[in-house]
1. Need the per-residue list for the range B:63-109: every residue with at least 10 Å² less accessible surface in the complex of protein chains than in the chain by itself, probe 1.4 Å, sorted by number.
2. Averaged per residue, what accessible surface does the range B:15-109 expose to a 1.4 Å probe, in Å²?
3. Is there a simple number for the mean count of other chain Cβ atoms within 10 Å of the Cβ of residues in A:38-44, and what is it?
4. Once neighbouring chains are kept in place and the probe is 1.4 Å, which whole percent of the accessible area of the protein assembly as shown is contributed by carbon and sulfur?
5. Grab the beta carbon distance between B:Asp52 and A:Ser19, set R0 = 35 Å, and tell me the FRET efficiency rounded to 0.05.
6. Between A:Lys45, A:Lys66, A:Lys13, find the one with the highest GNM mean-square fluctuation for chain A; connect C-alpha pairs within less than 10 Å.
7. Semi-axes of the equivalent ellipsoid for the protein assembly as shown, please: Cα gyration tensor eigenvalues, times 5, square-rooted, ordered largest first, whole Å.
8. Going by a 4.7 Å Cβ-Cβ cut-off, which cysteines of the protein assembly as shown have no partner at all?
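The values are calculated or read from the model by the stated rules, or taken from the named source; none is laboratory data. Remember, predicted model here, so these are calculated numbers, not experimental data. All Cβ positions, even for glycine, are placed from backbone atoms using ideal geometry, and neighbour counts span all protein chains on display. All accessible areas refer to the heavy atoms of the entire protein, side chains included, with ligands and DNA or RNA removed. Shrake-Rupley method; radii C 1.70, N 1.55, O 1.52, S 1.80 Å.
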Amino acid sequence: QVQLQESGPGLVKPSQTLSLTCSVSGGSISTDGYYWNWIRQHPGKGLEWIGYITSSGSTFYNPSLKSRLIISLGTSENYFSLRLSSVTAADTAVYYCARDGRPIDWYFDLWGRGTLVSVSS
Amino acid sequence: QSALTQPRSVSGSPGQSVTISCTGTSSDVGGFNYVSWYQQYPGEVPKLIIFDVSQRPSGVPHRFSASKSWKTASLTISGLQADDEADYYCCSYVGRDMWMFGGGTKLTV
């Protein structure tokens, strides 16, 4: 079955760029027609939707992060990426990738296991 | 509005029922029937337990039910069991291609 797996550095220095990858196995980003999302969870806090990318490369970002955020598709492999620039301690969180199946399935049915990113010098 | 409003915590005894509310506005919860609920154990991944306001994915016990009235969605867990103790998050499509989550509710059994 389809699985998602986040990867990337667990520690990023303030003002630098946080880069994460979500690898999709058991399915194809380019043909499955899903929306591929990033969601984060600050330590001990709730969930925050970050943004999505579609199989055709269309993106939409949370307005609160839009100025610092880029979500992109992998060039030749089955993955998509997140880049968040000018990070601060407030960006410390567990980052999840997740898919939603709109316009039919308006919910997140598949999640990666999440990866903790700490922003600290 | 940065998050849908949920009670920070609720509690109940085994066998009892509890209801968790999720309040938004007419532009989000009140505007779409795309409310979902997620159960999350400490250190684990959120798990979908309700979608489209009141639908249960296969495998989710009938003890979990949900509804919506105008701008407030509600999740009810009946016949509480010890392993229902977890955090619960609501989520709503809010239009303009965006999603919003609730702040989460810790259920203590």
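1. At a threshold of 10 Å² (probe 1.4 Å), the residues of the range B:63-109 that become less exposed are B:Tyr89, B:Tyr93, B:Arg96, B:Asp97, B:Met98, B:Trp99, B:Phe101, B:Gly103.
2. Result: 42 Å² per residue.
3. Working: counts 0, 4, 0, 6, 0, 0, 2.
For peptide A:38-44, the averaged partner shielding equals 2.
4. Numbers: 5020 of 10470 Å².
Here carbon and sulfur together make up 48 percent of the probe-accessible area.
5. About 0.50, to the nearest 0.05.
6. Of the options given, A:Lys45 has the highest mean-square fluctuation.
7. Working: eigenvalues 169, 75, 58 Å².
Semi-axes (√(5λ), whole Å): 29, 19, 17.
8. Among the cysteines of the protein assembly as shown, those whose Cβ sits 4.7 Å or more from every other are B:Cys91.
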